[in-house]
Amino acid sequence: MSSYWVKTPEWFKCLFPDGMKWDVPHNGGDTVYLTFDDGPHPVVTPWVIEQLAAYNAKATFFCVGNNVARYPAVYDQLLDGGHRVGNHTYNHLNGWRTDSGHYLRNISQAARHIDSRLFRPPYGRIRMSQFRKLMKQHDDWAVYMWDILSGDFDTTVTPEQCAGNVIAHIHPGSVVVFHDSEKAWERMHIALPQVLAYCAARNWRMEVLP
């Protein structure tokens, strides 16, 4: 039994303020939103970019500031490819376990490397007090959570289960989480092409988060 929801329940989303986004209203549209956390990585991220390009797909990458500082050329590849980037803190901090002042400073440190008004808390863990302070500092930012977790970070699932997690639940408006990281690679590099093919077969557009 996993310790996380693959599909975020609607009732759970309703517990959080409007500034915390879990999906994108689709109004009968045909767009899905693939996102990647924890990069950029010098090998995994360029591979993901190639896979997306094969389907004319765009995605949003929530980058760790320290990784951007280490691999600026890969970060530039994301921007050159028409993808969107978001802030994922500088050191991949868990907000539940981090002093709020330090947490917010870490986000600001990442923002010096990542030009974006999008933020996703690592592990999805941010205290409401931290969220409110972040929104007070940056009232034009959007905090994006997710509708579907692929589970590519979970070493107990198979690549096929990872793909199935997404395919069983994805629909227009969904925000899906993958990871462009070494830890996720074993599952993600099998699952992502299957998900891309599934979306393309339904003529769904794969775009960056608004």
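For segment 41-94, enumerate the residues that are among the hydroxyl-bearing types (Ser, Thr, Tyr), within 17 Å of the chain's Cα centre (by Cα) and farther than 20 Å from Val195 by Cα. Result: Tyr75, Thr89, Tyr90. Evaluation of Ile170 against the conditions (1) in contact with a Lys or Arg (Cβ under 6 Å, 6 or more places away or on another chain); (2) within 21 Å of Arg84 (Cα to Cα); (3) crowded, with 23+ Cβ neighbours inside 10 Å shows that the sole unmet condition is (1). In summary, helices (runs of 4 or more DSSP H) completely within segment 126-210 and bearing 3 or more residues that are under 20 Å from Ala59 (Cα atoms) occur at 159-167, 182-201.
Among the residues of segment 10-22, those identified as part of a loop (DSSP other than H, G, I, E, B) and modelled with pLDDT under 95 are Cys14, Leu15, Phe16, Pro17, Asp18, Gly19.
Ala53 satisfies every condition listed in (1) among the small types (Gly, Ala, Ser); (2) part of a helix (DSSP H, G or I); (3) buried (at least 19 other Cβ atoms within 10 Å of the Cβ) except (3).
If we scan segment 79-93, do we find a residue that is hydroxyl-bearing (Ser, Thr, Tyr), out of contact with any Asp or Glu (no Cβ under 8 Å at 6 or more places or on another chain) and part of a helix (DSSP H, G or I)? For segment 79-93, residues hydroxyl-bearing (Ser, Thr, Tyr), out of contact with any Asp or Glu (no Cβ under 8 Å at 6 or more places or on another chain) and part of a helix (DSSP H, G or I): absent.
Apart from one condition, Asn67 fits all of (1) buried (at least 21 other Cβ atoms within 10 Å of the Cβ); (2) within 19 Å of Val175 (Cβ to Cβ); (3) touching an Asp or Glu at 6+ places or on another chain (Cβ under 9 Å); the exception is (2). Inspect all residues belonging to segment 153-173 and state whether any of them is modelled with pLDDT of 95 or more, under 21 Å from Trp96 (Cβ atoms) and either out of contact with any Leu (no Cβ under 8 Å at 6 or more places or on another chain) or of a type in the set (S, T, N, Q) (or both). Yes, segment 153-173 has at least one match.
The values are calculated or read from the model by the stated rules, or taken from the named source; none is laboratory data. Not measured: the values here are computed from a predicted model. Neighbour counts run over all protein chains shown; Cβ positions are idealised from the backbone, glycine included.
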